[in-house]
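Heads up, the thing below is written out as structure tokens.
The values are calculated or read from the model by the stated rules, or taken from the named source; none is laboratory data. Keep in mind that what you see is a predicted model, and the values were worked out from it rather than measured. Heads up, the Cβs are rebuilt from the backbone with ideal geometry, glycines too, and the neighbour counts pull from every protein chain shown. We work out accessible area using only protein heavy atoms, side chains counted, and drop any ligands, DNA or RNA first. Shrake-Rupley method; radii C 1.70, N 1.55, O 1.52, S 1.80 Å.
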Amino acid sequence: MPSSTTFLEAIKARRTNYAITNTSPIPDSKIQEIINETVLHVPSAFNSQSTRIVLLLKGEHEKLWDITTDALRAIVPAEQFPATEQRMRSFKAGYGTVLFYTDRAVVRGMQDKFAVYADRFPTWGTESTAMHQFAVWTALELEGFGASLQHYNPLIDEKVASTWAIDRDWELTSMLVFGAPTGEAGPKTFESLEKRVKVFGA
């Protein structure tokens, strides 16, 4: 049985990498398997299973970043837009994007069913979606991808929903863009563990 060391090494390997290409080290079917296994097995409060995922590959992925670029062009000052457009091109240059959603209909249903916890279910839904993001990101990294997590919601929500016929109760939370890396992730700094962890009774 694998030890926790194997899992922790995978966590350490998961990094933000913006330098990616539109190639993949694995078949599309393997990417879909990663998504499916994540959705089935990542936990959620009261087993509510409120997270939803949309996987966009190749041309569909490129379409997403065209949509995002157009949305940003409408609000970013003209003198600042070249830098924004360059960033969008770097994302479009990837192989795919994973869209993470929380199904608000599920959240409402849990609020009705467990009224005493009604105010907590939106937060718990966000927590579950975040775990899905982490799991997919780490798994893709292990398969040889570079990736970064982006947030252009709610700016693009309506256009994305109409383009891919997304249920209006699905609330977009983030976008994980990925592709074969062309370089290593940059250095990462760490706050002192003494500031972040407390242990009692050990």
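A few remarks follow.
- Scanning the range 4-25 for residues that are among the aromatic types (Phe, Trp, Tyr) and touching a residue at least 60 places away in the same chain (Cβ under 8 Å) yields a single hit, TYR18.
- The set of residues from the range 26-53 being hydroxyl-bearing (Ser, Thr, Tyr) and open to solvent by 60 Å² or more (accessible area, probe 1.4 Å) comprises just one member, SER29.
- Residue within the range 11-23 that is open to solvent by 80 Å² or more (accessible area, probe 1.4 Å) and part of a helix (DSSP H, G or I) present: yes
- Scan of the range 67-110 for residues that are under 18 Å from VAL160 (Cα atoms), touching a helix residue (DSSP H, G or I) at 6+ places or on another chain (Cβ under 7 Å) and without any contact (Cβ under 8 Å) to a residue 60 or more places away in the chain, ordered by number: THR69, ARG73, MET88, LYS92
- Criterion (assigned to a strand (DSSP E or B), in contact with a helix residue (DSSP H, G or I) (Cβ under 8 Å, 6 or more places away or on another chain) and open to solvent by less than 20 Å² (accessible area, probe 1.4 Å)) met by exactly one of LEU56, LEU64: LEU56
- Within the range 163-179, the residues that satisfy the criterion of being within 23 Å of LEU140 (Cα to Cα) and of a type in the set (Val, Ile, Thr) are THR173, VAL177.
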